[in-house]
Amino acid sequence: MDTQTLEARARREGTPVIDGDTATFVWKGPSRVFLQGDFQDWRGAPLPLERVGKGLWARSLALPKDAYVEYALQDARGRRVRDAFNKRRSDNGFGGFNHCFWMPKGAPTPLGTRVRGVPRGRVTRHQVETHEWIVGRKRKVALYAPPAPGPVPLVMVLDGDDYLERVQLPTLVDNLVAQGRMRPVALAFVSNGGAARTAEYACSEATVAFLERRVLPLAHEKLSLVDARSTPGAHAVLGSSLGGLMALFAAQRLPHVFGRVLSQSGAFSIEGTDMVVFDLARRQAQPPLHVWMDCGRFEALEEGNQRLLPVLQAAGHRVTYRSYSGGHNYPAWQCDLPAGLEELFSASG
């Protein structure tokens, strides 16, 4: 492709310019820029764009045809610069934005969009006393009641603000239920501890106690829930990254309450250290859990997920693992989450 055609396509189509499984990033300017993104799990040295013409720079990467990708451009000093050819942006969770795009066979899930005529659940907002189990005196909890009579199972959602606002989980559930793809559930969106998130989610017994002794009573008071005493393991825990680790840990510690786990990109092994969920998974005579795990093919966390899978299965747990063409971000998790909800809460189950 000659440089005039490349620049014209970048202006017309946006960047990267995509041909089959090849994505070509294009920069117009006097100096070279550098590329970093999901495709390298945001690790290692940024990739330099090469001069392809006067004031024109480019770099091509082969990517899965169904991938969702976030990336950033940097100058020689490591400062982010805006890709003028790509107006698509996604909140990076750190107060900024990444540029983003879909490869030709990928697309955002339509389940995250409100559909006229679909019954909507009701979200209410609350605060609960922490009683020193977690950081602060009070913690925000939002509750979703489905547009259906109870009693229903509860999904305890860690990093609740993100799943409520960025994933649009109530809309996902409303649409899945309306399409007959899952049965109604209630949701408890628990805000994280901000700067204390790592301490609270790194297999914390105190966090387990907070969920059991503070959030569950609130949910039972405000929602029509299945009683876990008569239906052990009726409820579920959902989380991503460290939240995915904490979701599994909470179920391992309270299997009579949380018999279902949805873990997205679970941080089960961090910088070469396996977390205690591996040891707990090897215990004998433990109540079986129904676990659904996913992880992006671009993520270093995939290795820990793949090693934990057979350990859980050997202990008698029912586990499904899915990998997707993407990285560590909420748009990717939103697209894959419906499959987990359908499996754990099948409309026919």
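Which residue pairs have Cβ atoms under 8 Å apart, sit 6 or more places apart or on different chains, and have a first residue in the range 212-228 that is within 17 Å of Gly160 (Cα to Cα) and a second that is open to solvent by 60 Å² or more (accessible area, probe 1.4 Å) and not small (Gly, Ala, Ser)?
If the second residue must be open to solvent by 60 Å² or more (accessible area, probe 1.4 Å) and not small (Gly, Ala, Ser), the pairs left are Arg214/Glu129; Arg214/His131; Arg214/Trp133.
Need pairs with beta-carbon distance below 7 Å; first residue free of Cβ contacts under 8 Å to residues at least 12 places away in the same chain and on the phi < 0 side of the Ramachandran plot and within the range 94-121, second of a type in the set (Asp, Glu) and open to solvent by 20 Å² or more (accessible area, probe 1.4 Å); sequence gap 6+ or separate chains.
Phe97/Asp91
Within the range 75-86, restricting attention to residues that are under 21 Å from Glu7 (Cβ atoms) and more than 25 Å from the chain's Cα centre (by Cα), which residue is most open to solvent (accessible area, probe 1.4 Å)?
Arg82
Condition check ((1) in contact with a strand residue (DSSP E or B) (Cβ under 7 Å, 6 or more places away or on another chain); (2) assigned to a strand (DSSP E or B)) across all residues:
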residue: His220; (1), (2): no, no
residue: Arg229; (1), (2): no, no
residue: Leu245; (1), (2): no, no
residue: Leu248; (1), (2): yes, no
residue: Leu262; (1), (2): yes, yes
residue: Ala267; (1), (2): no, no
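Being over 30 Å from Asp2 (Cβ atoms), part of a strand (DSSP E or B), in contact (Cβ under 8 Å) with a residue 40 or more places away in the chain and of a type outside the set (S, T, N, Q) narrows it down to one residue among Val69, Val141; which is it? Break it down into steps so the answer makes sense when it comes.
On the way: Val69 fails: over 30 Å from Asp2 (Cβ atoms).
Unique residue meeting the criteria: Val141.
Among (1) over 24 Å from Ala178 (Cα atoms); (2) in contact (Cβ under 8 Å) with a residue 12 or more places away in the chain; (3) of a type in the set (D, E, K, R), where does Arg260 come up short?
(1)
Residues checked against (1) closer than 16 Å to Asp75 by Cβ; (2) free of Cβ contacts under 8 Å to residues at least 24 places away in the same chain; (3) surrounded by 14 or more Cβ atoms within 10 Å (Cβ to Cβ); (4) out of contact with any His (no Cβ under 6 Å at 6 or more places or on another chain):
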{"residue": "Ile18", "(1), (2), (3), (4)": "no, no, yes, yes"}
{"residue": "Asp21", "(1), (2), (3), (4)": "no, no, yes, yes"}
{"residue": "Ser31", "(1), (2), (3), (4)": "yes, no, no, yes"}
{"residue": "Phe34", "(1), (2), (3), (4)": "yes, no, yes, yes"}
{"residue": "Phe39", "(1), (2), (3), (4)": "no, no, yes, yes"}
{"residue": "Pro46", "(1), (2), (3), (4)": "yes, no, yes, yes"}
{"residue": "Gly53", "(1), (2), (3), (4)": "no, no, no, yes"}
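If Asn92 passes every condition in (1) closer than 26 Å to Arg166 by Cβ; (2) open to solvent by 40 Å² or more (accessible area, probe 1.4 Å) but one, which one does it miss?
(2)
Go over the candidates Arg59, Arg77 one by one and state the one that is charged (D, E, K, R) and outside any loop (DSSP other than H, G, I, E, B).
Result: Arg59 is the single residue among Arg59, Arg77 that is charged (D, E, K, R) and outside any loop (DSSP other than H, G, I, E, B).
Out of Asp274, Asp227, report the one residue that is open to solvent by 20 Å² or more (accessible area, probe 1.4 Å), under 23 Å from Phe189 (Cβ atoms) and among the acidic types (Asp, Glu).
Working: Asp274 fails: under 23 Å from Phe189 (Cβ atoms).
Testing whether each residue is open to solvent by 20 Å² or more (accessible area, probe 1.4 Å), under 23 Å from Phe189 (Cβ atoms) and among the acidic types (Asp, Glu) leaves just Asp227.
If Gly160 satisfies every condition in (1) out of contact with any Phe, Trp or Tyr (no Cβ under 6 Å at 6 or more places or on another chain); (2) farther than 21 Å from Ser346 by Cβ but one, which is the exception?
Single failed check for Gly160: (1).
Could you figure out which of (1) open to solvent by 10 Å² or more (accessible area, probe 1.4 Å); (2) touching a strand residue (DSSP E or B) at 6+ places or on another chain (Cβ under 9 Å); (3) assigned to a loop (DSSP other than H, G, I, E, B) isn't true of Gly326?
(1)
For Leu176, state whether it is assigned to a strand (DSSP E or B), in contact with a Leu (Cβ under 8 Å, 6 or more places away or on another chain) and open to solvent by less than 10 Å² (accessible area, probe 1.4 Å).
No: the conditions fail for Leu176.
Are there any pairs with C-beta distances below 6 angstrom linking a residue in the range 155-174 that is in contact (Cβ under 8 Å) with a residue 60 or more places away in the chain and within 19 Å of Leu245 (Cβ to Cβ) to a residue that is open to solvent by less than 10 Å² (accessible area, probe 1.4 Å) and in a loop (DSSP other than H, G, I, E, B), with the two at least 6 apart or on different chains, and if so which?
Within 6 Å, the pairs are Val155/Val185.
Any chance the range 183-193 includes a residue that's in a helix (DSSP H, G or I), hydrophobic (A, V, I, L, M, F, W, C) and over 23 Å from Val277 (Cβ atoms)?
No.
The values are calculated or read from the model by the stated rules, or taken from the named source; none is laboratory data. From a predicted model like this one, the values you see are computed outputs, not experimental measurements. Note: ideal-geometry Cβ built from the backbone for every residue, glycine included; neighbour counts use all protein chains shown. Remember, those area values only see protein heavy atoms, side chains included, never the ligands or the DNA or RNA. Shrake-Rupley method; radii C 1.70, N 1.55, O 1.52, S 1.80 Å.
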